[in-house]
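Engineer: Sharing a structure here in structure tokens format.
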Amino acid sequence: MIFISPSKSAQTALLVASLLIPALTTHAAAPSKPAKPNVIFFATDDLNDWVGPLNSGIRAKTPNLDRLAARGVTFQNAQACGTFCAPSRTALFTGRHPSTTGAYTTQVYHHDRPELRPMQVAFQQGGYATYGTGKLFHHPAGYVDLRGWTEFNPRTPAQRKTGWPVDSWRSGAPLPTPEPYSKFTREMRAGTDRTFMEYAPLPNEVEKDMADTQQTEWAINVLKRAHTQPFFLALGLYAPHFPNYAPQKYYDLYPLDEIKLPPTKDGDTDDLPPAIKKFNDRRKATIHDKLNELGEMKEVIRAYLACISYADAMLGRVLDALDASAARDNTVVIFWSDQGYHHGEKGHWGKHSLWERTANIPFIWAGPGIARRANVNATVSAIDTFPTLVELCGLAPDASLEGQSLANVLRQPAQAKDRNVLLCDVLPGGYAIVNNRWRYIHHADGAEELYDVVKDPNEWDNLAPQESYRTVMAELRQSAPKEFVAPGPETNALRLVTEGENFRWEPKPVGSAKKAKSAK
């Protein structure tokens, strides 16, 4: 390429023009719109309200969540939009409850309802570059919705050709010795799921090799790029989901003699509906009582807390990278968990319940235009995420989104008003209606529970059998869906077909499940 220098007279003309053009265009140009904010969506798995910014009796050490909360708005009474991973994540990414999509359990929404516009597609259509990694959708193969991503990053190349599973604890991921490590897993779970209630401290030096660390590093590298358009960056951690493997240094934050156990009550299940009582009593006998028998209760609690602190450290790395980037002053950060987790409350271990420990989640927003150091006690739902982002980011509206935009509350937290929110169960007709005073639970078989969460925050006293609360329950039922669509096919009725880096779901041949069972 040859560069030709302009003549002196031409240079003079160019100089004059350059001085005149700004003056000529100052009055003619329309006012420019504010730049659309970038978005960092930081997801965790099975994280309950045991974190520093929330008003919980047990709190993990979470300095980076505290740091994020100081920058923004913390919702103290945020409710999950599903009782376990798959339906909760489907509801968030589609902006619709299971009662609308039919995704109550292991359904795959982009197979059953491909016409729905998921969040990442809405961002892409709105002019955003979209980047995703980690556990954003359910973790088995075939759940990731690949539509709408500029880049979706798997941890290993093999994942691209096997249906894109999350695969956090295989394919070279560090594991403890022995494995399984925990006494409960070795003695009580032989031949079953050997990750449930499994935990172990790992050597500090393997932290860099852990899946959540690697996916955090990828997200950080995205932040370091020069971006010419706004971006939506979604990072999903597997922590603190079992197995609770974390580097030793996070275990060291929690000496066993300082571990507090959550409150429990003898006979807590006595006033539950018969089917729920039977399920919980069986679970208490096989998990809670066995942990006590093995003397492992505090070890399991410590492992969960250690994984929370590990996840918090990953958040800190992302916040550091954001602060060092050009996007620092124009990026909304959202911290979210798909649902919480019981550690013996009501005798229950796990999620899959409509009670507080499953439902109450960390939900923190920070960024431009968002109030700082604010707490909102009004009840909200994670289903509010999509409509809020539509308003904040100027995305194309979608009238069928459920939930409510929280954009005004983020700007003016004092204006927040309490409301009834919905949490669907795993069967049509099962749900909870929650507000600051009440948790009303309606099971699919018609059985009911009611808790005054102000007077009874542990949900020990089921008021539903008392005649004096009939009116309260009738009023709360008015907020339930008028119809619950039929469930879509669960994945055990489908087969996953992979074709290179693509995949699709197909119905299994009729009778194949019976044939497979008889062949065993």
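The values are calculated or read from the model by the stated rules, or taken from the named source; none is laboratory data. The structure presented is a predicted model; accordingly, all values stated were derived computationally and were not measured. Please note: Cβ atoms are built from the backbone with ideal geometry, for glycine as well, and neighbour counts cover all protein chains shown.
Engineer: Search the stretch 493-513 for residues being in contact (Cβ under 8 Å) with a residue 24 or more places away in the chain and under 16 Å from residue 112 (Cβ atoms), and hand back the single one that is surrounded by the fewest Cβ atoms within 10 Å (Cβ to Cβ).
Structural biologist: 504
Engineer: For the stretch 159-189, name all the residues that are outside any loop (DSSP other than H, G, I, E, B) and at pLDDT below 95.
Structural biologist: Pass one, the stretch 159-189, residues outside any loop (DSSP other than H, G, I, E, B): 159-161, 183-188.
Those that are outside any loop (DSSP other than H, G, I, E, B) and at pLDDT below 95: 183, 184, 185, 186, 187, 188.
Engineer: Taking the stretch 162-180, which residues are among the polar types (S, T, N, Q) and within 18 Å of residue 86 (Cβ to Cβ)?
Structural biologist: We begin by selecting, within the stretch 162-180, every residue among the polar types (S, T, N, Q); these are 162, 168, 171, 177.
Hit for the stretch 162-180 is 168, nothing else.
Engineer: For residues that are basic (Lys, Arg) and farther than 29 Å from residue 152 by Cα, scanning just the stretch 462-520, find the one that is modelled with the lowest pLDDT. I'd like the intermediate steps shown before the answer.
Structural biologist: Quick first cut of the stretch 462-520, residues basic (Lys, Arg) only: 470, 477, 482, 495, 504, 508, 514-515, 517, 520.
Checking the rest, the ones that are also farther than 29 Å from residue 152 by Cα come to 470, 477, 482, 514-515, 517, 520.
Numbers: 470: 98, 477: 98, 482: 97, 514: 50, 515: 49, 517: 45, 520: 40.
Filtering first and then ranking leaves 520.
Engineer: Considering only residues that are among the small types (Gly, Ala, Ser) and within 22 Å of residue 465 (Cβ to Cβ), look in the stretch 416-445 and name the one that is nearest to the chain's Cα centre (by Cα). Spell out how you get there, then give the answer.
Structural biologist: Here is the first cut: in the stretch 416-445, the residues among the small types (Gly, Ala, Ser) are 416, 429-430, 432, 444.
When the remaining residues are screened for being within 22 Å of residue 465 (Cβ to Cβ), the result is 429-430, 432, 444.
Values: 429: 24, 430: 21, 432: 19, 444: 25 Å.
Applying the filter and picking the extreme gives 432.
Engineer: Further, regarding this structure: Checking the condition under 18 Å from residue 434 (Cα atoms) and free of Cβ contacts under 8 Å to residues at least 24 places away in the same chain, which residue from 463, 476 passes?
Structural biologist: 463
Engineer: Further question: Among the residues of the stretch 482-503, what is the count of those that are farther than 21 Å from residue 100 by Cα and part of a loop (DSSP other than H, G, I, E, B)?
Structural biologist: 2
Engineer: Name the residue, out of 303, 324, that is farther than 30 Å from residue 440 by Cβ and crowded, with 18+ Cβ neighbours inside 10 Å. Give the derivation first.
Structural biologist: On the way: 324 fails: crowded, with 18+ Cβ neighbours inside 10 Å.
From the options 303, 324, the qualifying one is 303.
Engineer: How many residues are part of a loop (DSSP other than H, G, I, E, B) and without any contact (Cβ under 8 Å) to a residue 24 or more places away in the chain if we restrict to the stretch 405-438?
Structural biologist: Of all residues in the stretch 405-438, those part of a loop (DSSP other than H, G, I, E, B) come to 405-406, 412, 416-420, 425-430, 435-437.
Of the ones still in play, those that are also without any contact (Cβ under 8 Å) to a residue 24 or more places away in the chain are 405, 437.
So the answer is 2.
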